[in-house]
Amino acid sequence: MTVAYASGKVILFGEHAVVYGRPAIAVPVTQVRAQAVVEGAAKGRGIAIVAQDLGQTYLLDQTPPDDPLRQIVVLTLQRLGVGLAHDLTITISSTIPIARGLGSGAAISTAIVRALSKYFDKELSPRAISDLVYEVEKIHHGTPSGIDNTVIAYEVPIYFVKSQTCEALRVKRPFIIIIADTGVQSPTKVAVAEVRRAWEREPSRYDRLFDQMGEVAIRARRAIEEGTIEEMGHLMNENHRLLRLIGVSSPELEDLVRAAREAGALGAKLSGAGRGGNMIALVSEETEKPVVRALREAGAKHLIVTEVK
Ligand code: PMV
């Protein structure tokens with residue numbers, strides 16, 4: 001039996017603009033994770049994928065070709081050069097909330113790739129893992145930037161530019177982020193497609209906003225590397241203002257962002273695709289508890305406190 005894991009992730013700066021080639025910053029969230037277990041099965045059974053959380057079992061042979069679980073298994077076995085003729089059970093489970101901007105899909109795929117490569121004793125680099133997961137993300141998310149699969153495969157804070165740069169970020173002073181869930185599911189694909197339509201209608205306005213978000217990400221990188229945490233808070237607020245202007249905030253996100261700021265957060269913004277999902281607040285040790293309380297009172301459904309280091 002072989003077990004492997006992959007953590008969740010959160011985008012600190014630059015979501016949406018990253019799809020259009022501007023830089024973004026993301027960090028792993030190790031408090032939540034996906035797990036994949038691979039074990040041998042009875043001869044002739046073929047490959048079965050058991051989704052424990054859903055209580056469902058899929059036989060690879062009978063799964064539609066465009067199914068994401070089937071695809072990641074097939075692509076990985078091909079990449080490992082071991083063929084598809086195996087009798088295996090792959091059991092997956094996850095504590096990462098689905099469709100909330102925490103990278104649940106990419107984490108499940110990553111855990112499967114890691115578990116299969118371990119099972120067949122063939123090592124894959126983080127880059128190879130990220131590339132495999134990206135193939136599946138592309139089929140299901142339209143035009144993903146690749147930031148999710150990259151940060152989850154490398155499991156370190158990253159500064160990312162689509163198809164160009166992925167650099168590990170040196171965090172000078174660890175900082176605390178509260179991730180708060182609006183409870184509203186928001187599929188990334190839908191929000192990304194709507195932003196694309198808006199960009200097509202008003203390209204120069206949207207390009208200007210994306211440029212400003214890119215500038216914020218560049219300044220945020222400096223703030224993280226120099227340990228100027230207050231500056232990071234201002235930049236989060238500025239990034240949120242720009243995200244509102246491209247139309248991806250929502251009343252629930254606004255309530256949580258306001259509550260966090262009023263309770264003393266250094267900065268707060270929506271995170272990920274928006275329209276629902278999560279927001280993040282930057283806090284000090286002193287303001288962590290009051291901000292957690294304020295977010296709960298403002299209706300947050302689920303909270304994660306994580307230290308970025
Ligand atoms: O999966 P989410 O909700 O974190 O959103 C991904 C971030 C986007 O920039 C909106 C899309 C992308 O592909 O980068």
Out of the residues in the range 86-105 meeting the condition of being at pLDDT 95 or above and of a type outside the set (S, T, N, Q), tell me which one is nearest to the chain's Cα centre (by Cα). 92
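Looking at the structure I just gave you, is residue 275 in contact (Cβ under 8 Å) with a residue 24 or more places away in the chain, outside the structural domain of residue 138 (by TED's automatic domain parsing) and either touching a strand residue (DSSP E or B) at 6+ places or on another chain (Cβ under 7 Å) or of a type outside the set (D, E, K, R) (or both)?
Numbers: in contact (Cβ under 8 Å) with a residue 24 or more places away in the chain: yes; outside the structural domain of residue 138 (by TED's automatic domain parsing): yes; either touching a strand residue (DSSP E or B) at 6+ places or on another chain (Cβ under 7 Å) or of a type outside the set (D, E, K, R) (or both): no.
Against the criterion (in contact (Cβ under 8 Å) with a residue 24 or more places away in the chain, outside the structural domain of residue 138 (by TED's automatic domain parsing) and either touching a strand residue (DSSP E or B) at 6+ places or on another chain (Cβ under 7 Å) or of a type outside the set (D, E, K, R) (or both)), residue 275 does not qualify.
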Selection count where residues are surrounded by fewer than 23 Cβ atoms within 10 Å (Cβ to Cβ), within 21 Å of the chain's Cα centre (by Cα) and β-branched (Val, Ile, Thr), scope the range 214-259: 2
Please go through the range 102-122 and pick out each residue that is surrounded by fewer than 18 Cβ atoms within 10 Å (Cβ to Cβ) and within 16 Å of the ligand (Cβ to nearest atom). none
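Surrounded by fewer than 16 Cβ atoms within 10 Å (Cβ to Cβ) and in contact with a His (Cβ under 8 Å, 6 or more places away or on another chain): which single residue out of 172, 189 fits that description?
On the way: 172 fails: in contact with a His (Cβ under 8 Å, 6 or more places away or on another chain).
Step by step, each of 172, 189 is checked, and only 189 is surrounded by fewer than 16 Cβ atoms within 10 Å (Cβ to Cβ) and in contact with a His (Cβ under 8 Å, 6 or more places away or on another chain).
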Out of all the residues in the range 62-83, is one or more touching a strand residue (DSSP E or B) at 6+ places or on another chain (Cβ under 9 Å), at positive phi and either surrounded by 18 or more Cβ atoms within 10 Å (Cβ to Cβ) or not hydrophobic (A, V, I, L, M, F, W, C) (or both)? no
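Could you check how many residues of the range 108-129 are in contact (Cβ under 8 Å) with a residue 40 or more places away in the chain and on the phi > 0 side of the Ramachandran plot? Full working, then the answer.
Kept after step one, since they are in contact (Cβ under 8 Å) with a residue 40 or more places away in the chain, are these residues of the range 108-129: 108-120, 122, 124, 128.
Right, trim to on the phi > 0 side of the Ramachandran plot and you get none.
Qualifying residue count, the range 108-129: 0.
Where residues in the range 155-191 are farther than 29 Å from residue 295 by Cβ and modelled with pLDDT of 90 or more, which of them is farthest from the ligand (Cβ to nearest atom)? Write out each step before concluding.
So in the range 155-191, the residues farther than 29 Å from residue 295 by Cβ come out as 161-168, 170.
Pick out the ones that are also modelled with pLDDT of 90 or more and you get 161-164, 166-168, 170.
On the way: 161: 11, 162: 8, 163: 12, 164: 14, 166: 13, 167: 17, 168: 19, 170: 23 Å.
The residue in question is 170.
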Which residues, counting only those in the range 119-133, are over 16 Å from residue 84 (Cα atoms) and touching a Gly at 6+ places or on another chain (Cβ under 8 Å)? 130
Yes/no for residue 134 being at pLDDT 95 or above and either in the same structural domain as residue 279 (by TED's automatic domain parsing) or more than 11 Å from the ligand (Cβ to nearest atom) (or both): no
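Can you name every one of the strands (runs of 3 or more DSSP E) wholly within the range 1-101 that holds 1 or more residues which are within 16 Å of the ligand (Cβ to nearest atom)? Step through it out loud before you land on a result.
Numbers: elements: 2-13, 24-40, 47-51, 56-59, 88-94.
Result: 2-13, 24-40, 88-94.
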Please list, ordered by first then second residue, the pairs with beta carbon atoms under 7 Å, 6 or more apart or interchain, first in the range 168-180 and under 19 Å from residue 271 (Cα atoms), second among the aromatic types (Phe, Trp, Tyr). 169/159
Taking the conditions exactly as written (part of a helix (DSSP H, G or I), in contact (Cβ under 8 Å) with a residue 12 or more places away in the chain, crowded, with 23+ Cβ neighbours inside 10 Å and out of contact with any helix residue (DSSP H, G or I) (no Cβ under 8 Å at 6 or more places or on another chain)), does residue 136 satisfy them or not? no
Looking at (1) surrounded by fewer than 19 Cβ atoms within 10 Å (Cβ to Cβ); (2) over 30 Å from residue 212 (Cβ atoms), which one does residue 47 not meet, given that it meets all the others? (1)
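The values are calculated or read from the model by the stated rules, or taken from the named source; none is laboratory data. Note that the structure is a prediction, hence the values are computed from the model and not measured. A quick note on method: Cβ atoms are made from the backbone with ideal geometry, for glycine too, and the neighbour counts reach across all protein chains shown.
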